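Okay, so here's the structure we're looking at.
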Amino acid sequence: MTEASQGESTTLVRPLAPGDIAALATLWVRSWQETMPAVDFEARRPWIAGFLAGDGLSTLVAEAGALQGFVTLEPARAYLHQLVVSPEVKGRGVAGALLDAAKALLPDGLTLDVNQANARAARFYEREGFARVGEGVNAASGLATWRMVWAGK
């Protein structure tokens, strides 16, 4: 577990608990609907709930009295699948705290794909030391993506 201070509250980053999955699925839908309103993320709720319950993943959860976000990693590939923050706490350091915890878990490097249309996220990852190394297409949405890599410590 790690802690990050953000003003008057402290964000705790901890491993996923089985009872978190339904609330994290709701948070995922809300966050993505705000980011990309043209995509029906509510229809994808069963997918994210099943994904979070899957094997071979490490999911870290941020909370400060309430769930604030999560990051899901596939350690075998050093791949960051999801970094999701509640709309209410965006810009308050929660994404940075989750990413720091992910980097601590996989200090030799991380790879991710980010939607090209999600400019805010792409800028965030670049500020956090990730570099664009290629382009692709998200299989679920058909949207263009950037492949980004953080080379590690």
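Checking each residue in the stretch 37-66 for being in a loop (DSSP other than H, G, I, E, B), surrounded by fewer than 15 Cβ atoms within 10 Å (Cβ to Cβ) and of a type in the set (A, V, I, L, M) picks out ALA38, ALA53, ALA66. How many of the residues in the stretch 122-153 are in a strand (DSSP E or B) and charged (D, E, K, R)? Within the stretch 122-153, residues that are in a strand (DSSP E or B) and charged (D, E, K, R) number 3. Looking only at residues of the stretch 80-121 that are of a type in the set (Asp, Glu) and outside any loop (DSSP other than H, G, I, E, B), we find that the one that is surrounded by the fewest Cβ atoms within 10 Å (Cβ to Cβ) is GLU88.
Since every read-out is calculated from the coordinates, none of them should be taken as a lab result. Keep in mind it's a predicted model, so treat the numbers as computed, not measured. Cβ coordinates were reconstructed from backbone atoms using ideal geometry, including for glycine residues, and neighbour counts include every protein chain displayed.
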